[in-house]
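What follows is calculated from the coordinates using simple rules that are stated; it is not laboratory data. In this text the structure is predicted, and so the values were computed from the model without any measurement. Note that each Cβ is placed from the backbone with ideal geometry, even for glycine, and that neighbours are counted across all protein chains shown.
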């Protein structure tokens with residue numbers, strides 16, 4: 001992709017509009033990293049989301065417009081996907097640390113990928129729904145549902 005094409009579709013203003021959403025996700029992942037290992041990962045994430053709800057930033061017209069652009073331009077999708085990949089890697093590392101496994105093992109990769117995909121799916125559903133629902137409630141609800149569908153991990157020996 002040429003520089004001209006990139007800047008035609010993806011401007012600093014549009015990136016700035018997505019930044020609060022990226023920072024919000026980063027805050028959730030950072031809080032998961034700091035949480036005690038005694039609570040299951042999905043429950044930890046849901047608790048942190050519930051605790052942080054009062055401190056949520058408002059999603060204004062710029063974030064809604066950035067969300068619309070996210071679906072209109074591959075450059076926006078690529079930029080947001082790169083951020084989501086960073087978060088996915090961090091969650092994989094957390095799953096591995098909490099289960100006594102390695103980040104390259106199947107379980108941490110599967111669960112980390114599932115959590116990342118759940119977060120992205122919720123954000124996409126929120127944007128497609130016109131940003132009418134409460135994003136915090138959507139994320140917490142989906143994480144609880146996803147967590148209920150997974151069996152608590154049992155580390156393999158040897």
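In nm, what is the difference between 0.36 nm times the number of residues separating residue 23 and residue 124 and their Cα-Cα distance?
Result: 34.7 nm gained on full extension.
Between residue 117 and residue 85, with labels modelled 7 Å along Cα→Cβ, what's the label distance in nm to one decimal, could you check?
1.7 nm
Nearest 0.05, what FRET efficiency do residue 102 and residue 141 give at R0 = 30 Å with Cβ-Cβ as r?
The calculated FRET efficiency here is 0.45.
Go through 134-140, 113-119 and give me the packing order, highest mean Cβ count within 10 Å leading.
Packing order, densest peptide first, comes out as 113-119, 134-140.
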